[in-house]
Structures are given as structure tokens and as C-alpha cells.
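Just below is one structure, and these are the notes that go with it.
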Amino acid sequence: MTPPSFLSAAARQSDCKHSGQASRATGMVLEVGAAPGMRNMRRLPARPRRRAGSMQLSEFQNEPLTDFSATENRAAMETALEKVRAQLGREYPLLIGGQRVSTENKIRSINPAHPEQIVGVHAAADVELARRSIAAANDYFRCWSAQPVEQRARVLLETARIFRRRRHEFSAWMIYEVGKPWAEADADVAEAIDFCEFYAREALRLSGPQPLTPVPGERNELRYLPLGAGVVIPPWNFPLAIATGMTTAALVSGNTVVLKPSSDSPTIAAHLVEALLEAGCPPEAISLVTGSGSSIGDALVEHPLTRFVAFTGSKQVGLHINELAAKTQPGQRWIKRVVAEMGGKDAIVVDADCDLDKAVAGVLVSAFGYQGQKCSACSRAIVVDAVYDKFLERLVERTRQITVGPPEDPRNYMGPVINERALRSILDYIETGRREGQLLTGGRRAPGHGYFLEPTLIADVEPRARIFREEIFGPVLAVTRARDFDQALEMANDSEYGLTGAVYTRDREKLKKAAESFYVGNLYLNRKCTGALVGGHPFGGFNMSGTDSKAGGRDYLLLFMQAKVISEKIEDGG
Ligand code: NDP
């Protein structure tokens, strides 16, 4: 049997420092206290080692989505929105090494649909606190990594239960903080639940015996060990799911984590951390360090005790992190591992021989779902000449029916874009698009005080155009005419990105060709290019879309582990 840890039980007991004994913070820190979540599980009891499989978990299944056409579900969401509304504007401290830490400087997260409404006021860590969080995570690593894998898996399973129990509340936080429409917020919580359930099972699987080729006269064994203290840096657009996925993958593998959430979604991250603590995660294993990426990001990434960085966000920041992490710091004893999932310029190819209505529906939902703010969003529709005009006509008609407004009202299909900077940047791209193509519909701000934009279609866009090549990250779709299917595929591949793509055609030969030559990490045939499911669609892209980590897949946890091989000679003879 593979022992789940590399330290003895005695070592575990003596090495584990608990936050009651942790040193008090000084300097910038104004108020420090033990994390309230600690009541739930502060001392990790040494459990007898058991076979990983002894947890007897059912096979992983995706969490079903909520049917909001049912009256009781709508009522439950309304109640959650009301409950969360009453909590808006609360203050949240940092959590560093098991200690709550307040700071004088704050970041304020606002509701993009009602910018005057403050969702949360968060402590803003400075460089010194950022460094302290890495040191504390490193201190606790020996303790957390020594826990039996079942213990860590239990934390994830319990977190999933908490998400289920408070599902609409988590959705409501996303509706307020990042402008997600109901169904999108609900899918985000479902994905977070899936990550917990899936990675718990994966950790158990990987803790079991691993297949090795037998060597005569030896007993050989391969164990997966965690890496150390890592930094998790998620984006705001899947503020629960992606933050949960990266954090729980790192934790369940036995690493300690410093979570630095996006400054646009710190409140959801704070609630995620509360859920982890309530589920039994020791507060020393998960630090929450809110603060601007441009001021504390480098300190977290370049710290010599940082063992890995798991990042999801823009190409620009991802490349910067990758470069900085590659530079060895004095005292550093390892090559830092970087998992970086970045942007996309995802294309849907529409062939002449396809169900045009399905293609229109697929393009529409991929382009404008959550205001086009998904890395997987369709931002290029490449349509074969024979159906180009007909496709456009139907797409324009459907696009004009899209409702835009505050997402707490479920009649609005699209909510606001995330912040004023994004609004300005998208409007600039639309101006560029007016020169580069033909604006067919949209192009302006939509009514309301929030950051609302009309869904925008720009046709006759050439592959050299900026709006064909650069990620806009908003509700703007470039439509391009292709001579035939082969040229459409070529155009789709003419991108520095390679995240998702889709093809609509009835022709099996063309589907086969797309499967072979459409160069993306996630290719969809005759369906939309968004909505990857944990387990079924491991997710990650090629080229400048990132390191192709395949989140939600069976290879993912290995990114947070290293393998040790133990070979014992058992008889003479060589
Ligand atoms: P950003 O790259 O702007 O920010 C991502 C995270 O990085 C935030 O937490 C941000 O913090 C932080 N950050 C910023 N600067 C630094 C720095 N110098 N060092 C360390 N961290 C830093 O992306 P967005 O949040 O705007 O997210 C949108 C992007 O994410 C899009 O490009 C999208 O395609 C991509 N994405 C990719 C996915 C994928 O799986 N491939 C999935 C989802 C999104 P702060 O907010 O404080 O600046």
C-alpha cells in the first residue's frame, strides 16, 4: 500500500503549528485575530492510514443546473438575492497564516450594474504582507502535506456540500459583484462543486499504487508528493469556479496556498475561503491576500519560497508571471512551476452544409453569453460564402432581441461588463471595428447607469483586422466571409491563440478534417464553443492561450505534484 504521506505521525504532531501559536503581525497591520473558521477544525487528528479507495465515493457526475422556469427555484433565488443584498458593503480582512489581518488601505469592489453600490471593502495587502503570506504558507506546508489524502479530500467534499446548501447565495454574490445573469452564476457554482468532487476523487486515485514495469529482484514504487507553498491567481470572470478549481487542486494535492483574487471579485473569493474553513481546511493552509496585482503580484511570484504559481487571466499578465517565475532568486531551491491559462480569440466555422438555425443559436450564445466575457467566447464567426448573407440576416435578427440590463432581473439576458476600464476598452475596439468592417447592430452603451453595452456585430472583417486578431473580452463579434470550408479553417487557425473553436457542418469528412487540423485545446463539433464540463471536457488552450493545463481533467492534479520513485533490492543477483 502506498503511504499517503512522507512524514511519520509523530513528526506530524510536533511539526504542526496552529494559528493560536502563530506570531502576531506588526507593521501595517492594524488588527489581528484568529480566524473564526478555526473553531470548526483547528487540530487535525492523526487518522489511521487507510487505503485511499476506502472512502468509497460514487463515480463522479456533473452537478445539475437549476431550472429557473420552476417557481420555487425562482423564489429561492429571489430570497438569496435579498439576503445577500443585506450584506453588501461589509469589510473583509486578509487571512495570513491563520491570522485575520486588517490594513489601512482598502480595495472596494463595486456592482458593475450599479457602480454606486459597494459589494465589499477588502484589506489591501502590501508587499511586506504578501511576502509574509508566502513564508507562512511555507511554514505550514510540512503539516498539511503530512495529512492523509482522505483528510484533504474530505475538505473538498465538504466544501462541495456547503456550495450546494448555499448555492443561490453564492450565485447572488456573483450577480452583484461581477454582473452574472442568473443562469451563468448558477453554472459557475455548479462548476465549483464539480471541481471539488472531481479533484477529491483524483487525489485519491493518484495516492494509490501507480503502475510500473516490474524489475526482477526489486520492489519499486512511485508516489506523488506535493510541491510546496504556491500562489493561486484567478480572474474575475469565473470568480467562484476558477478560484475554487485552482485552489482545491493545489490543496488536495497537499500544497499550501496563497490565494490572490482579482480586485474585481474579492468578495466571492472571501466567501470561498470561508467555505473552505467551514469545511475543515486549516486556516494556515489557505491564505487570502487581496490587493492589486500590479502592486503585490511580483512579490508573490518572485518570492524564493514560492514553489508554484497557478494563474488564469490575460496573456499579458500570464507572460509576465511566467518570465518572473523563471528568474531564480537568491536562496531559491527549485525551478518554479507555472500553470498559466490565458486568453482566447475563439472562432466558430459555419459551413454551407449545416443546420443554419443551430449554427446561429450556437454562435449567439457563445458570443454574448455573460456579455462575451469568457475566455471560450466566440469572438470570430467565419462563415462560408454560400450561406454568409443568410446566416448574417438571421444572426442580426436574433442579436437585436437580446435584452440588456441589471442581472438581478432574470429577464435580462446580458448584464454589464465588469468595470469602466473594460467598457472604455471595448468601446475603443468597436470604433476600430467600424473602420475595419461593417457595423450591423449594437455598437453603443445600453441604457442604465451600469457598464451596459449593446451586443455588437461587425461583418466583413478581414483576417488582418485588429478585431479579428486581438481579444476584446466583451459582447463584440467579428464576422468574416470565407470562400469555402478549407479557407474558413485556415482563417480560424490564423491566430496566436488556440483555446476553443467550433465547427457547424453535416459533412463527416469536414468534421474529420476539423478534428485533425483545427488547432485549439477544446474543439466542439456542431455545438457552441463555451460551457466546458468538468470531467467531460478537460479545459485548456494552445499557444498564447496558455500551458494547456486541462483543468477538470485527469492530468490536472499532476501539475501540483512531483513523483518520487523508491526502488528496494529484495534479492541478490545484479
Ligand atoms: P488579468 O490578467 O487582468 O488578471 C488576472 C489576475 O491576475 C487578477 O487576479 C489580477 O489581479 C492578477 N494580476 C494582475 N497583474 C498581476 C501581476 N503583475 N502579477 C500577478 N498577478 C497579477 O485578467 P482578468 O482578470 O481581466 O481576466 C480576463 C482574462 O482571463 C481574459 O484574457 C480571459 O481570456 C482570461 N481567462 C482565461 C481562461 C482560461 O482558462 N484560459 C479562463 C478565464 C479567463 P488584479 O485584479 O488585482 O489586477
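The values are calculated or read from the model by the stated rules, or taken from the named source; none is laboratory data. What you see is a predicted model; the values in this text were computed from it and never measured. Glycine gets a Cβ as well: all are built from the backbone with ideal geometry, and neighbour counts include every protein chain shown. Surface accessibility is based on the protein's heavy atoms, side chains included, excluding ligands, DNA and RNA. Shrake-Rupley method; radii C 1.70, N 1.55, O 1.52, S 1.80 Å.
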Q: Using DSSP to define loop residues, name the GluC sites (Glu not before Pro) in region 54-146 whose beta-carbon has at most 14 other beta-carbon atoms within 10 Å.
A: Glu59, Glu104
Q) Ignoring ligands, DNA and RNA, what accessible area per residue does region 371-475 give at 1.4 Å, in Å²? A) 43 Å²
Q: Given the peptides 499-505, 306-312, arrange them by the average over their residues of other C-beta atoms within 10 Å, most packed first.
A: 499-505, 306-312
Q. Where Rh is the Kirkwood radius over the Cα pairs of the chain, the temperature 10 °C and the viscosity 1.306 mPa s, what D in µm²/s does Stokes-Einstein return?
A. 64 µm²/s
**Q.** Separation of alpha-carbon centers, region 204-275 and region 276-347, rounded to whole Å
**A.** 13 Å
Q: Quantify, in whole percent, the carbon and sulfur part of the accessible surface of region 430-531 (1.4 Å probe; protein heavy atoms only).
A: 45 percent
**Q.** Estimated distance in nm for a label pair at Lys564 and Ser58, the labels positioned 7 Å out from Cα along Cα-to-Cβ
**A.** 3.7 nm
Q.
For region 413-446, which trypsin sites (Lys or Arg not before Pro) pass both filters: DSSP loop (anything but H, G, I, E, B) and at most 16 other C-beta atoms within 10 Å?
A. Arg444
Q. Carbon and sulfur atoms: what percent of the 1.4 Å accessible area of region 253-329 do they account for?
A. 51 percent
Q) Where the centroid of each part is defined by its Cα atoms, how far is region 95-134 from region 471-530 in Å? A) 40 Å
(Q) At 7 Å along Cα-to-Cβ for each site, give me the label-to-label distance between Glu490 and Asn543 in nm. (A) 1.5 nm
Q: Compute the distance in nm between two label points, each set 7 Å from the Cα along the Cα-to-Cβ direction, one at Phe68 and one at Leu525.
A: 3.3 nm
Q.
For the ranges 528-541, 278-291, what's the packing order if you count other beta-carbon atoms within 10 Å of each residue, average per peptide, and put the highest first?
A. 278-291, 528-541
**Q.** Solvent-accessible surface ranking, highest first, for Glu323, Glu184, Glu202, Glu274 at 1.4 angstrom
**A.** Glu323, Glu274, Glu184, Glu202
**Q.** Potential extension, Arg444-Leu222 segment - 0.36 nm per residue separation minus Cα distance
**A.** 74.1 nm
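Specify whether the C-alpha gyration tensor of region 64-203 places it in the rounded, prolate or oblate class, a ≥ b ≥ c being the square roots of the eigenvalues: rounded for a/c under 1.5, otherwise prolate if a/b is larger than b/c and oblate if not.
oblate
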Q | Accessible solvent surface per residue of region 520-574, calculated while the other protein chains remain in place, 1.4 angstrom probe, Å² | A | 50 Å²
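Taking 37 °C and 0.692 mPa s as the conditions, I'd like the Stokes-Einstein D for region 432-574 in µm²/s, using the Kirkwood hydrodynamic radius from alpha carbon pairs.
178 µm²/s
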Q | Calculated FRET efficiency for the pair Arg424/Arg333, C-beta based, R₀ 56 Å, to 0.05 | A | 0.80
Q.
Using the Cα centre of the chain as origin and beta-carbon charges of +1 (Lys, Arg) and -1 (Asp, Glu), tell me which of Leu129, Gly369, Ser171 is placed farthest towards the positive end of the dipole.
A. Leu129
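Please say if region 325-428 is rounded, prolate or oblate, where rounded means a/c under 1.5 for a ≥ b ≥ c the square roots of the C-alpha gyration tensor eigenvalues, and otherwise the choice is prolate for a/b larger than b/c and oblate otherwise?
The shape class here is oblate.
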Q.
What is the angle, in °, between the Cα long axis of helix 508-517 and the longest principal axis of the Cα atoms in the chain? Nearest 10 is fine, range 0 to 90.
A. 50 degrees
**Q.** Solvent accessible area, Å² - Glu191, 1.4 Å probe, full protein context
**A.** 40 Å²
(Q) For the chain, what does the helix formula give at 222 nm: sum of -39500 (n - 2.57) over DSSP H segments with n ≥ 4, over the residue count, nearest 500 deg cm²/dmol? (A) -12000 deg cm²/dmol
Q | Size of charge dipole - the chain - debye, nearest 20, with Cβ of Lys, Arg +1 and Asp, Glu -1, no other charges | A | 1540 debye
**Q.** Per residue value of the accessible surface for region 58-156 (all protein chains in place, 1.4 Å probe), Å²
**A.** 43 Å²
Q) Where the accessible area of region 94-243 is counted over protein heavy atoms with a 1.4 Å probe, how much of it, in %, is carbon and sulfur? A) 53 percent
